[in-house]
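A.B. asks: Below is a structure I'd like to ask you about.
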Amino acid sequence: MRATVIHAPHDIRVEEVPDPAIRLPTDAVVRVLRACICGSDLWAYRGESARQPGQRIGHEFLGVVEETGAGVDGFTVGDLVVAPFVWSDGTCAYCADGLTTSCPEGGFWGSVGSDGGQGEAVRVPHADGTLVKLPAAAASDDRLLTALLALSDVLGTGHHAALGAGVTKGSTVAVVGDGAVGLCGVLAAKRLGAERVIALGRHSARTDIARRFGATDVVAERGEAALAAVRELTRGEGAHSVIEAVGTEQSMRTALDIVRDGGAIGYVGVPHGSASGVDLGVMFDRNIALRGGVAPVRTYIPELLPDVLDGTIDPSPVFDLSIGLDEVPAGYRAMDGRTALKVLITP
């Protein structure tokens, strides 16, 4: 089959690789219908996250079950399924607690020795604990299929950030980051009942989506001017909840500066840079809570799926460029150059 591999920074290729096969009774093989490029993939692309030459890449996909091991009970050949970005066994204590990303038997797609999502097919370990079945009719609805793909990562990650930030009905939320996760954070905050959602971003194409997703205000300023703008919108107090969806030192400092005393920050931006930007003294003095991390999206899919199916929420606008598998290297260049927000791949 063909799949995306990374050989070095800025060296992404689509190559012939061995077809996935059942290795253990709990495995399934899924033929990929939709995949995408994640903002976090860019850290490997830029050389800021180490990869072995020839390693697979990509962690978001949905598709059709083509084969199951003898120990798989919940799926049959032909089922339409979505995979979260981490596989998990669904039986351990962490999975029972909803923290599927800490499953001892779990792992990330594209890790050494595993298939990546940006290919024609994927071997799925622990299929019963990992995959979620989708309505078969969705396969013929292109927009819905694209929206459902967001369940594999960005929608659940935005939801995780909103929960970490303590978003409640009637609250004021600020979102730092105008990438796909930040925009899904806007969508999640609105879904949870936030009355005011302030999106921080300078790119009109992205802030237009933020408004479509429920943002009531957009702050395009940067630095001190951005802090002043948020303070003015919140009577000088700051936001009850702040979603941090970037992961840099500056973005975390911004989040701390615009959160209200007694408020909370939900952080899901993959940390990178020289420092965290977190000042524990400031947090202590102002009673600020910090919660977040790797989103256990497998736990959230059953809750979010009905709302996507009935159109209550539609994350599909975050995918603004659609390509075939052979065009994946160009897709990485587009996202790296910020000419695309999130690239959809149709193998």
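A.B. asks: Note the angle between two axes, namely the Cα long axis of helix 249-258 and the longest principal axis of the Cα atoms of the chain, as a number of degrees from 0 to 90, rounded to the nearest 10.
C.D. replies: Result, in degrees: 50.
A.B. asks: If you don't mind, another one. Would you please classify the overall shape of region 47-121 from the alpha carbon gyration tensor, given that a ≥ b ≥ c denote the square roots of the eigenvalues, rounded means a/c under 1.5, and beyond that prolate means a/b larger than b/c while oblate covers the rest?
C.D. replies: In terms of gyration-tensor shape, oblate.
A.B. asks: For region 297-336, rounded, prolate or oblate, judged on the Cα gyration tensor with a ≥ b ≥ c (square roots of eigenvalues), a/c < 1.5 rounded, else prolate if a/b > b/c?
C.D. replies: prolate
A.B. asks: Taking the Cα atoms of region 140-182 alone, what are Rg (to one decimal) and Dmax (as a whole number) in Å?
C.D. replies: Computed over the Cα atoms of region 140-182, radius of gyration and Dmax are 12.7, 38 Å.
A.B. asks: Determine how large the accessible area of I198 is when every protein chain is in place; take a 1.4 Å probe and give Å² rounded to the nearest 10.
C.D. replies: Looks like 0 Å² after rounding.
A.B. asks: Could I ask something else about it? From the P(r) of the chain, could you give the percentage of C-alpha pairs in the tail past 27 Å?
C.D. replies: Of all Cα-Cα pairs in the chain, 44 percent lie more than 27 Å apart.
A.B. asks: Determine the principal axes of the Cα atoms in region 195-306, then give the extent along each, sorted from largest to smallest and rounded to whole angstroms.
C.D. replies: Principal extents (largest minus smallest coordinate, Cα): 40, 29, 27 Å.
A.B. asks: Roll a 1.4 angstrom probe over the protein heavy atoms and tell me the percent of accessible area of region 192-304 that is carbon or sulfur.
C.D. replies: Whole-percent figure for carbon plus sulfur exposure: 50.
A.B. asks: With a probe of 1.4 Å, find how much accessible area the chain has per residue, and write the answer as a whole number in Å².
C.D. replies: Result: 41 Å² per residue.
A.B. asks: Taking the Cα centre of the chain as origin, work out the dipole magnitude from +1 charges on Lys and Arg Cβ and -1 charges on Asp and Glu Cβ, in debye rounded to 20.
C.D. replies: The dipole magnitude comes to about 720 debye.
A.B. asks: Counting each DSSP H run of 4 or more residues in the chain as -39500 (n - 2.57), what helix-only mean residue ellipticity at 222 nm follows after dividing by all residues, to the nearest 500 deg cm²/dmol?
C.D. replies: After summing the helix terms and dividing by the residues of the chain, the value is -8500 deg cm²/dmol.
A.B. asks: With every protein chain kept in the model, how would you rank D261, D217 by accessible area, 1.4 Å probe, largest at the top?
C.D. replies: Final ranking, largest accessible area leading: D261, D217.
A.B. asks: Shape of region 150-261 from its Cα gyration tensor (a ≥ b ≥ c, root eigenvalues): rounded if a/c is under 1.5, otherwise prolate when a/b > b/c, or oblate?
C.D. replies: Rounded, because the longest to shortest axis ratio a/c is under 1.5.
A.B. asks: For region 95-192, run through the trypsin sites (Lys or Arg not before Pro) and keep only the ones in DSSP coil with at most 15 other Cβ atoms within 10 Å of their Cβ.
C.D. replies: Those that pass, being in a loop and sparsely packed, are K169.
A.B. asks: Report the convex hull volume per residue for region 18-156, counting only C-alpha atoms, in Å³.
C.D. replies: Normalising the Cα hull of region 18-156 by residue number yields 112 Å³.
A.B. asks: Still on this structure, I have one more. Measure off, as a whole percent, the carbon and sulfur share of the 1.4 Å-probe accessible area of region 1-57, all protein chains present.
C.D. replies: 51 percent
A.B. asks: At q = 0.16, 0.17, 0.25 Å⁻¹, what log₁₀ I(q)/I(0) does a Debye calculation on the Cα points of region 108-168 give, no solvent, two decimals?
C.D. replies: Treating every Cα as an identical point scatterer, log10 I(q)/I(0) equals -0.74, -0.82, -1.17.
A.B. asks: Run through region 61-117 and list the GluC sites (Glu not before Pro) located in a DSSP loop whose Cβ has at most 16 other Cβ atoms within 10 Å.
C.D. replies: Listed in order of number, the matching sites are E105.
A.B. asks: Also, quick follow-up: Normalise the Cα radius of gyration of region 250-347 by 2.2 N^0.38 Å (N = residues in it) and let me know the number.
C.D. replies: Against the empirical 2.2 N^0.38 Å value, I get 1.45 for region 250-347.
A.B. asks: Sequence gap at least 6, Cα distance under 8 Å: using those rules, report the relative contact order of region 213-285 to the nearest whole percent.
C.D. replies: Once normalised by length, the contact order is 29 percent.
The values are calculated or read from the model by the stated rules, or taken from the named source; none is laboratory data. On a predicted model such as this, the values are computed, not experimentally measured, just so you know. All Cβ positions, even for glycine, are placed from backbone atoms using ideal geometry, and neighbour counts span all protein chains on display. Protein only, heavy atoms only, side chains kept; ligands, DNA and RNA dropped before computing areas. Shrake-Rupley method; radii C 1.70, N 1.55, O 1.52, S 1.80 Å.
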